1. Between B:PHE328, B:PHE362, B:PHE313, which gets the highest mean-square fluctuation from a Gaussian network model of chain B, Cα cutoff 10 Å?
2. Could you size up the charge dipole of chain A around its Cα centre, putting +1 on the beta carbon of Lys and Arg and -1 on that of Asp and Glu, and report it in debye to the nearest 20?
3. Given 10 °C and 1.306 mPa s, how large is the Stokes-Einstein diffusion coefficient of region B:184-231 in µm²/s, with Rh as the Kirkwood radius over Cα pairs?
4. Taking only Cα atoms of region B:227-289, what ratio of Rg to Rh do you get with Rh as the Kirkwood inverse-distance radius?
5. Please compute the contact order of region A:1-120 in relative form: average sequence separation of alpha-carbon pairs under 8 Å and at least six residues apart, divided by the residue count, as a percent.
6. Based on alpha-carbon positions alone, could you give the equivalent ellipsoid semi-axes of region B:310-370 from the gyration tensor, as √(5λ), descending, whole Å?
7. Given a Förster radius of 30 Å and the C-beta distance between A:ARG448 and A:ALA420 as r, what FRET efficiency does 1/(1 + (r/R0)^6) yield to the nearest 0.05?
8. Could you list the chymotrypsin sites (Phe, Trp or Tyr not before Pro) in region B:183-287 that lie in coil according to DSSP, counting only those with at most 14 other Cβ atoms within 10 Å of their Cβ?
Amino acid sequence: MINYDEKIPNNVGLADNRTLQRALEHWQPEFQSWWADMGPEGTTNHDVYLRTAISVDPKGWAHFDYVKMPDYRWGIFLAPAEAGRKVNFGAHKGEAAWQDVPGEYRPNLRRLIVTQGDTEPASVEQQRHLGLTAPSLYDLRNLFQVNVEEGRHLWAMVYLLHAYFGRDGREEAEALLERRSGDADNPRILGAFNEKTPDWLSFFMFTYFTDRDGKYQLASLAESGFDPLARTCRFMLTEEAHHMFVGESGVGRVIQRTCDAMNELRTDDPAKLRAAGVIDLPTIQRYLNFHFSVTMDLFGADVSSNAATFYSTGLKGRFDETKIGDDHLLAGASYPVLEVRGGALQAVEVPALNALNEKLRDDYIRDAAAGVERWNRIPEKAGIPFRLRVPHKAFHRKIGPLAAVHVDPDGHVVDAATWAKHEREWLPSAEDRAFVASLMGRVAEPGRFANWIAPPARGINNQPVDFAYVRFG
Amino acid sequence: MDAPVTEVFRQHLIDPEICIRCNTCEETCPIGAISHDARNYVVDPAKCENCTACIAPCPTGAIDSWRQVPRASAYSLAEQLGWDTLPPQRELPAAAASSEMPPEVARIVADATEGQGGAAPPPWSAAHPYVNLHSVAKPAIATVSGNFRLTGEDASSDVRHIVLDFGPVAFPVLEGQTIGVLPPGTDAHGRPHHPRLYSVASPREGERPRYNNLALTVKRVTEDHDGTPMRGVASNHLCDLAKGDTVKVIGPFGTSFLMPNHPGANLLMVCTGTGSAPMRAMTERRRRRIALNEGGTLMLFFGARREEELPYFGPLLKLPKDFIDINFAFSRSPGEPKRYVQDRIRERGADVARLIADPDTFVYICGLKGMEDGVAQAFADVCRAHGHDWETLLPALRQQGRYHLETY
Ligand SMILES: Cc1cc2nc3c(=O)[nH]c(=O)nc-3n(C[C@H](O)[C@H](O)[C@H](O)COP(=O)(O)OP(=O)(O)OC[C@H]3O[C@@H](n4cnc5c(N)ncnc54)[C@H](O)[C@@H]3O)c2cc1C
Ligand code: SF4
Ligand code: SF4
C-alpha cells in the first residue's frame, strides 16, 4: 500500500478515487520492477540533482533537489482545465470538449494513447547503458532527468488508460511494461524506438530529433477533443522541452569542441581530428542524416486514412490547431505530398485530410531545420566554412511509398548502385560508429568534460558548471 | 521605499543563442508578455512585470537574461525578433548605471509597505538618497568592526548592534534606508540564499562619523512567527560575526522611508523590537545636531516585552526629556498589566492628536507585521476624541509623504 498523495503528487484527486487507486496499486510495483530491470543501469544509489514536478503551477513544477531515481515522485499531472473548452476541429467542432471517452471512439483513442505511451519506456530502455559512458556529471544528470521524465510520461498515459478504459486499459498498461525496445519477439510499436542508442552523439541526436517528434505528437494530442488527453499532453510538453534542450545543446557542444580543435590544429582532415579525439564534422552530418530520416518515418505514411479519421472525429488535431485560420474541417482542402513519377520526386495534391501526417512532418521539419541553422553559427563564428543541413525528407525512408526508392540527401532519386556507392558518405558506417564508440568513457569529476565535447554555457538551475550534479552513493 | 524614479530599468530578455524555442515560457507567462515568430522568442518590455514565473520552467536558462536599459530606448519586440545574439550591456549614464532594484528585494519591499497601501513619496525636504549601488552580482564587502549584545543576558531574545565598515567602498546611506545582506551558502534547493533587508540604525555620517561605516540592529531569529524553533539564516549569520569578519552587502535601498531635513519638522515614531533601528538613526541625526536649535518635536512610542528586551534602553534613557518624548510599552513586565504601543498612544491622546494635525509632523511606524492595524486604530481613536478627522487626515498624510510604514 502506498500513500498516493504523498508518493505520487497529482492533481487528479487520486486519494478520492478507489478504483483508480486499486488499478495503480497493481501497476506500480510492476513499474518499479520494470525500472529496476530496464531503467538506467546501476544507478539506484546515486543522488541526482533532479527537477521534479510537484504541482502544475510555475512555482511547483520545477522543484530541484537531490533525489535517488527510484524515489523520484512520478506524478500524475494534467494542465489546468480551460473553462468552457470546446472540440476545436472535425465533425464535432463547437461541441463541449469530452470529459469522458465517447463510446464509438474508444478503440481509436486507446490506440493513440498506447502508441504515445509506448515511446516513453522505450526511450528509457534505449538509453539504459548510457550512464556508464557519460562525458560529465552535468550530462549524466541530464540523461537521468530525461529518463525520469519519460517515466513520468508513461505514468501519465497509464493514468489515462486506467482511468478511462477499464479492463482493456489495464491490460494495455501492463503490456506497456512487457514490450522491450529492440526485442525480436515483443518489440516497441514504432521502429525508431527499436533502434539502439549506443553512444552519446546518438543520444543527443535522438533527443534533438526524435524527442522533437514527441513534441509534435504531443502538441497534436494536446488539441484533442478528449479533454483529459489534451490536458495531460499539454503538461507533458513543458517537460519535453528539457529533452530537446539536452539534444540541441549536446550536439552544439560537440560541434563547438570540434571547431575548437580544428582551429587549434589548423586542419579539417577528419583523420587528424579523430586522432586528436574529437568527432569530425562530416561524421556529425552523417549522424544527423540518420536520426533525421529515422524520425521522418515516425510521422507515419504520407497519405493516411487513419490520420483523417483521427482528425474528423476530433481525437487528434494539427500542430497549433487553434492558431490556424481555416475552417478546421479541411472540407475540400488539399495538401501536397511526394510521389515518385518518371524516376523523380514530384509533389501531388491530395485531400488535406489524408495528408495530415505529411503536414505535421513539414511543421516538424521547419522547426528542426531552424535549430540546425543555430548549430551552424558555431563553425561560422569559428571561421570554419562548413554547414550542416537536414537531408531531404524523402531521404532514407522506411515507411510509405518512399520506402521503395533510394533518394539522396538532396532529394534526387538514385538507383541502387549509386546508393550503395555513396551510402558511406550519407549515413554513419560501422567504422564511424566504432570510432565514436571508442571515445565514450565515463568522466565523473565535477567540472570535467570528456575531450570530444565542450562544457555547457550555463549550469542547470543557475548552478555552476562544476556543481556536483550527481553524487555516487 | 518605492522603486527609484529613474529612466533606467532592468529589461527582461531571452538569449537567442541558448533558447531552443520550446514555448515553455510563453505557455507559463501569466500575462502573455512572451511571444515568438519563426526566429525568436521575445519579451514585451511594456507588459513584463518581472514576476519570474517563467524563470524556473525554462529548460535552458535562456530566459534568465537581463540588461540595464534606459526606459526611453528599451529593446523593442521588432529589435529582439531580429537578434542572433544578445547585445552586450550598453554603457549607461553614470548616475543611472546603478538604479537596479533586484526583483527579490522589490518583492520584500512591496510586502513591507503593504500595510500603508504601497510605497509613499518621501518627505518633501528629504535628502536625495543613493540606491542600488551594489547588486547581487557585485555586492560590496563590508568588514565587521563591532558586534555587541543590546538585550539583557537573561532576555529571551538576542538583539545585537552590529557595525559594518565599508573601507574605501562607496556606501552612502540616509536614515531610514535599508541594506541587503547576502548570507553565505545555499538554500535547500541549492540556490544562493535570497537577500535579507536590515534597516540602517546609524545616521548618515556613520556610526562613527567619517569612517564610512554604519550600524544595524539585528535580532537573532530562533523561531518562526508561529513559534516553531528554526534558525534564521541571515540573522544568525550576522549575530555570529566576529570583529574582522566580512559580509556581502547590496543596496542601499529605500527612497521613501526618509526623514525630513527642514528645521521645525516633528517626528512621530512608533516601533517594536528591531523596528527601533530606523528610529535610532533619525534620533541620532537630530541629537548630533542639537546645538543647531532646529526646533521640532520628537515623540517615540516603543514596544517590547520587558525593559531588558528593549534595544538601546540605556542610551534612550539618557536623552534629555526636552529633546525627545519617550513612551515605552511593555507587554510582559512582571506584575504589571500588558501594555502595547497603541495603549500608550491612547494614553497620550491629546499630544498625539495635536502632533498629527500639525502639517510639519511626519509619522514613522516600523516593526513586526500586524502592528500597523492597532496603531492606525489608536490614531483614529485619538483623532476622533480630539476633534480631528482621521479619515481625511490619513490620505493627506500619505500623499504628502508624511506617513511611512515598514513591517516585516
Ligand atoms: C524593510 C525591512 C527592514 C528590516 N529591518 C530589520 C532590522 O533592522 N533588524 C532585523 O533584525 N530584522 C530586520 N528585518 C527582518 C530581516 O530582513 C529578516 O527577515 C530577519 O532577520 C529574519 O531573517 P533570517 O534569514 O534570519 O530568517 P529566515 O531564514 O529568513 O527565516 C525567517 C523565518 O522566521 C520567521 N521569523 C520569526 N521572527 C522573525 C523576525 N523578527 N523577522 C523576520 N522573520 C521572522 C519568518 O516568518 C520565517 O519563517 C527587516 C525586514 C524588512 C522587510
Ligand atoms: S517575468 Fe513574469 S511577466 Fe515577465 S515574461 Fe516572465 S512570466 Fe511573464
Ligand atoms: S522556455 Fe526558455 S528555451 Fe524555451 S522558448 Fe522560452 S526562453 Fe526559449
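1. Greatest mean-square fluctuation among the candidates belongs to B:PHE313.
2. Values: 54 positive and 65 negative charges, 122 e Å.
The dipole magnitude comes to about 580 debye.
3. Details: Rh = 13.6 Å.
Stokes-Einstein gives a translational diffusion coefficient of 117 µm²/s.
4. Taking Rh as the inverse mean 1/r over Cα pairs, Rg/Rh reads 1.06.
5. On the way: 110 pairs, mean separation 25.7, N = 120.
It comes to 21 percent, rounded to a whole number.
6. On the way: eigenvalues 94, 55, 33 Å².
Sorted largest first and rounded, they come to 22, 17, 13 Å.
7. Numbers: r = 43 Å, r/R0 = 1.42.
Once the sixth-power term is evaluated, E becomes 0.10.
8. Numbers: sites: B:TYR198, B:TYR211, B:PHE253, B:PHE257; in loops: B:TYR211, B:PHE257.
In loop regions of region B:183-287 (DSSP not H, G, I, E or B), the sparsely surrounded chymotrypsin sites (Phe, Trp or Tyr not before Pro) are B:TYR211.
The values are calculated or read from the model by the stated rules, or taken from the named source; none is laboratory data. These figures come from a predicted structure and were not determined experimentally. All Cβ positions, even for glycine, are placed from backbone atoms using ideal geometry, and neighbour counts span all protein chains on display. SASA here: full protein model, heavy atoms, side chains in, ligands and nucleic acids out. Shrake-Rupley method; radii C 1.70, N 1.55, O 1.52, S 1.80 Å.
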